[in-house]
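Have a look at the structure below, then the notes.
The values are calculated or read from the model by the stated rules, or taken from the named source; none is laboratory data. Note that the coordinates shown come from a computational prediction; the quantities given were computed from them, not determined experimentally. Cβ placement follows ideal geometry from the backbone for every residue including glycine, while neighbour counts extend to all protein chains displayed.
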Amino acid sequence: MNLRDRIAQDLDRTDQVGPDIARLTAQARSRGKRLALLRRAAATGGTLVALTIGAVLVASPWNNPRAGTEGTVATDPATHATSPSPRPSSPVRAEDETGPATARGAAAALVSALSDVTDSPTSDYVGQGPRAELGDSDYYAQIRLEDDGGPANVEINVQFDGGFIGGCSETMDECRSARLPDGATITSYVLTGDKAPGDIRSVAELVRADGVRVVVAATNSITRPGVGTYVTRPEPSLTGDQIRSIALQEYWNEELPAVFLEAGKTLEPFRAAAS
């Protein structure tokens, strides 16, 4: 049974309850072990994400960004097999080394996070790094995900200003919010028509106890610089559990693992996001 068949089978077994947030968090943290393996692979000249971790996503109403089921009771989401990602241009140094986040490093980190939840190929890498001259540590990345349903963007925005308050607001459709054991708040919601008529953005917003805000969005559209946003498919390319898994990765900090910083140097085509 291939990966897509396993996903389809899981979707057929969906029960009408919400995701197991505690387990999602634990699984995101467990990827630290995988990251150490990635660094060792990079140090020996291997691809950034060439390791396969067999797992299956179990669906919940949060999996469907258009579902209206209430509640946040547990199901059993997990991670997917990984897919190859860009090769580092040179071996990384110490296994535990990190460095200041860069635009390209953020894009490479998003590639790796995506490879945990889908085997679809990626392209058109976009990033914006911290603006040190403004005392700004925030960074942003956008990647085009190319699957059978049509191309669509996946974006991440990591902010360090603090003072963020997680939870639902009146501007968020189909909003779900949960408090995590470590004091963080994770909120999932949908925005429609935000960028263009028919545009759908499925969003996961994590506000951590340390004040960091991580926002991940999967869209049903692509954006052409200087031209506009075009709807390319009926629904976003990732489920709610998949985008939450990306937001819950522990490496979204002012410094990123060196393996991502090195891999980011090879991403093509890459463009800097407008300031």
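Observations, loosely collected:
- Taking segment 169-275 and the strands (runs of 3 or more DSSP E) fully enclosed by it, the elements with 2 or more residues that are within 25 Å of T98 (Cα to Cα) and either at pLDDT 95 or above or more than 13 Å from the chain's Cα centre (by Cα) (or both) are at 200-207, 213-219, 255-257, 270-272.
- Pair list, Cβ under 6 Å, 6 or more apart: segment 210-221 residue touching a residue at least 60 places away in the same chain (Cβ under 8 Å), other residue assigned to a loop (DSSP other than H, G, I, E, B) and of a type in the set (A, V, I, L, M): A218/L238
- For segment 104-137, the candidate set comprises residues that are among the charged types (D, E, K, R), surrounded by 19 or more Cβ atoms within 10 Å (Cβ to Cβ) and at negative phi; within that set, the residue that is farthest from the chain's Cα centre (by Cα) is R104.
- Sole exception among (1) modelled with pLDDT under 95; (2) touching a strand residue (DSSP E or B) at 6+ places or on another chain (Cβ under 6 Å); (3) within 21 Å of T232 (Cα to Cα) for D147, by number: (2)
- Test: residue in segment 112-127 that is farther than 21 Å from V190 by Cβ, of a type in the set (A, V, I, L, M) and in contact (Cβ under 8 Å) with a residue 60 or more places away in the chain: yes
- Among residues that are in a strand (DSSP E or B) and within 19 Å of P269 (Cβ to Cβ), V111 is not included.
- Summed over segment 191-216, residues that are over 17 Å from G162 (Cα atoms), surrounded by fewer than 22 Cβ atoms within 10 Å (Cβ to Cβ) and of a type outside the set (S, T, N, Q) total 9.
- Given (1) modelled with pLDDT of 80 or more; (2) of a type in the set (S, T, Y); (3) assigned to a loop (DSSP other than H, G, I, E, B), number of the condition S83 does not satisfy: (1)
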